[in-house]
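Just below is one structure, and these are the notes that go with it.
The values are calculated or read from the model by the stated rules, or taken from the named source; none is laboratory data. The structure presented is a predicted model; accordingly, all values stated were derived computationally and were not measured. Don't worry about glycine lacking a Cβ; one is built from the backbone with ideal geometry, like all the others, and counts go over all protein chains shown.
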Amino acid sequence: MPFQSENSPVPIPPPGEDELPYDDGEPMESERHRAQMGLLIETLQLHWHERHDVYVGGNMAIYFSELQAKKNDFRGPDVFVVLDTNRRERKSWVVWQEDGRTPDVVIELLSDMTEAMDRGEKMRIYAKLLRVPEYYLFDPFSGALEAYALDRATRSYVRVPAEANGDVTSACLGLRLGVRHGSYRGLEIDWLRWLDAEGHVLPTGEEQARAAQEQARAAQEQAKQLAARLAAYEKQFGPLPGGSSD
């Protein structure tokens, strides 16, 4: 529905991402919270770098109604994923500019200051208004992970049991989420990581570069060993016949 000025009965177009505040006004609670958000976003963007129909965002405003846009009283999710959209830079997610598309997956990082909101008002809005199919809660300090799926009939969330190792499966994304120990941005702790169907961690850019270096070193070592064996053979039996005969 278009906005309407108080001084004129003529409807005016609703504001878009260029007019609305794009900072959600809610800073990350700690260095660990900021790093965890970056890790989830970075690895998923790298994993889907060739896809142009997915948007991965975080800590940005989401606007879904005129009243909420005017009041600006809703803080955006820490991490969210939208499928069946176009990948482009955005200042905020404005539902009426996105053909009604809302997030398919939301992850909130719990803290003492935000937990009540994440389990209360935000959870209600995600279920009843935005109808987000999958909702995850993760505490970066305790390592506790909770998964919820939307019951569309009641527009409420149902807890999804974890696997024996604590991992959970995202049916929307065809991926899994699990807690794994590792190092990121100088912090060696337990992180929430995206996993592929086989349980392999989706790597960061640094991890990809390190793996490529290790593969290159392994290839060089294999070539050196082959050259050494060849030299030893030729020393004992003479040079191998070279080239093919005409």
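Quick one: is R210 surrounded by 10 or more Cβ atoms within 10 Å (Cβ to Cβ), assigned to a helix (DSSP H, G or I) and not aromatic (F, W, Y)? Yes; evaluated as a whole, the condition is true for this residue. When the residues of segment 105-121 are filtered to those that are out of contact with any Ser or Thr (no Cβ under 9 Å at 6 or more places or on another chain) and within 28 Å of H52 (Cα to Cα), which remaining residue is surrounded by the most Cβ atoms within 10 Å (Cβ to Cβ)? Applying the filter and picking the extreme gives L109. Residue check: is T169 under 24 Å from I125 (Cα atoms), surrounded by 15 or more Cβ atoms within 10 Å (Cβ to Cβ) and in the same structural domain as V106 (by TED's automatic domain parsing)? So T169 passes the test. Once segment 134-160 is narrowed to residues that are without any contact (Cβ under 8 Å) to a residue 12 or more places away in the chain and more than 28 Å from L187 (Cβ to Cβ), the residue that is surrounded by the fewest Cβ atoms within 10 Å (Cβ to Cβ) is A153. Y63 meets the conditions (1) closer than 26 Å to Y184 by Cα; (2) aromatic (F, W, Y); (3) surrounded by 20 or more Cβ atoms within 10 Å (Cβ to Cβ) in every case but one. The failed one is (1). Only one of the numbered conditions (1) surrounded by 10 or more Cβ atoms within 10 Å (Cβ to Cβ); (2) of a type outside the set (A, V, I, L, M); (3) modelled with pLDDT of 85 or more is not met by P239, and that is (1).
Against the list (1) in contact with a strand residue (DSSP E or B) (Cβ under 7 Å, 6 or more places away or on another chain); (2) buried (at least 18 other Cβ atoms within 10 Å of the Cβ), the condition L83 fails is (2). Only one entry in R101, R124 is surrounded by fewer than 21 Cβ atoms within 10 Å (Cβ to Cβ) and without any contact (Cβ under 8 Å) to a residue 12 or more places away in the chain, namely R124.
Of the residues making up segment 149-203, those that are assigned to a loop (DSSP other than H, G, I, E, B), under 25 Å from H49 (Cβ atoms) and either within 15 Å of the chain's Cα centre (by Cα) or among the basic types (K, R) (or both) are A171, C172, L173, G174, R185, D196, L202, P203.
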